[in-house]
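The values are calculated or read from the model by the stated rules, or taken from the named source; none is laboratory data. Predicted model only: the values in this text are computed from it and were never measured. Positions of Cβ are backbone-derived with ideal geometry, glycine not excepted, and every protein chain shown enters the neighbour counts. To get the accessible areas, we keep the full protein, side chains included, count just its heavy atoms, and leave off ligands, DNA and RNA. Shrake-Rupley method; radii C 1.70, N 1.55, O 1.52, S 1.80 Å.
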Amino acid sequence: LEIPQSVRRAIQSRVGRLSQPAQDTLQLASIIGREFVFDVLAGSSDLDEDALIDALEEGQRAQLIDEVRGRRQVTFTFGHALIPAALADSVHTLRRRRIHRRVAAAIEHLCPEDYEALAHHYAAAADEERALTYSQQAADRALEAYSHAEAERYYRITLDLAPAGTARASLLHNLGTAVVRQARYAEAIDAWREAMSLFAQGGN
């Protein structure tokens, strides 16, 4: 999101009134996303559970976050999409990558089949190998579920990360399948032709 400087300053001013643990917790949560699950936050944080709960309660009193009722897992959300965007933007690139790695590791432990979140966080952490793995798993699952637009999106992400060769050819083949099911036949044929060329180069 493009955040006006005045809005960014206002958000940072509100967050800056909180204790340091609360500021750090909200900054970590902003990297997870506008909605975040407590267990993932706890798995990514250096704070113990009591200190983390105190930090979240402080954020709630400041009306920056609130609990989402009716969820199986304890989940919180930021009051406005600009709040996590402004907080995440304030984190230095290298630190932000490190946080994304910690978040991804926590999700991997708690929700190993959340391929979409894992693909996002590993890509943001600049871990291309894991991002490729989880993006492909997300794409394959979406294709099997007939979520063709989502499958296409993840296959395109995967292709941006994939090396040349037979593995790329298979991705192009599946991309063509996702596209043809959206009645975009010319694009599907182009993807399949490129896949065939790569398969042929590999002796298939």
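Take Ala169 and decide whether it is at pLDDT below 95, open to solvent by less than 20 Å² (accessible area, probe 1.4 Å) and within 20 Å of the chain's Cα centre (by Cα).
In short, no.
Name the helices (runs of 4 or more DSSP H) wholly inside the stretch 111-204 in which the number of residues that are touching a residue at least 24 places away in the same chain (Cβ under 8 Å), within 30 Å of Arg95 (Cα to Cα) and among the acidic types (Asp, Glu) is 3 or more.
Once the helices (runs of 4 or more DSSP H) in the stretch 111-204 are filtered for at least 3 residues that are touching a residue at least 24 places away in the same chain (Cβ under 8 Å), within 30 Å of Arg95 (Cα to Cα) and among the acidic types (Asp, Glu), nothing remains.
So which residues in the stretch 24-58 are farther than 24 Å from Arg97 by Cβ, part of a helix (DSSP H, G or I) and not hydrophobic (A, V, I, L, M, F, W, C), if there are any at all?
Across the stretch 24-58, the qualifying residues are Glu49, Asp50, Asp54, Glu57, Glu58.
Kindly check whether there is at least one residue in the stretch 136-146 that is touching a helix residue (DSSP H, G or I) at 6+ places or on another chain (Cβ under 8 Å) and more than 21 Å from Asp114 (Cβ to Cβ).
Looking through the stretch 136-146, none of the residues is touching a helix residue (DSSP H, G or I) at 6+ places or on another chain (Cβ under 8 Å) and more than 21 Å from Asp114 (Cβ to Cβ).
Would you confirm whether any residue within the stretch 94-113 is under 26 Å from Pro4 (Cβ atoms), open to solvent by 30 Å² or more (accessible area, probe 1.4 Å) and over 14 Å from the mean Cα position of the chain (by Cα)?
yes
Within the stretch 24-59, which residues are of a type in the set (A, V, I, L, M, F, W, C), open to solvent by less than 20 Å² (accessible area, probe 1.4 Å) and over 16 Å from the mean Cα position of the chain (by Cα)?
Result: Leu26, Leu52, Ala55, Leu56.
Step by step: first the residues of the stretch 1-23, then only those that are without any contact (Cβ under 8 Å) to a residue 12 or more places away in the chain, of a type outside the set (A, V, I, L, M) and part of a helix (DSSP H, G or I), then the one that is most open to solvent (accessible area, probe 1.4 Å). Which residue is that?
Only one residue tops the list, namely Arg9.
Among (1) within 24 Å of Cys111 (Cβ to Cβ); (2) open to solvent by 40 Å² or more (accessible area, probe 1.4 Å); (3) among the hydroxyl-bearing types (Ser, Thr, Tyr), there is one condition Thr158 misses while meeting the rest; what is its number?
Thr158 satisfies all of (1) within 24 Å of Cys111 (Cβ to Cβ); (2) open to solvent by 40 Å² or more (accessible area, probe 1.4 Å); (3) among the hydroxyl-bearing types (Ser, Thr, Tyr) except (2).
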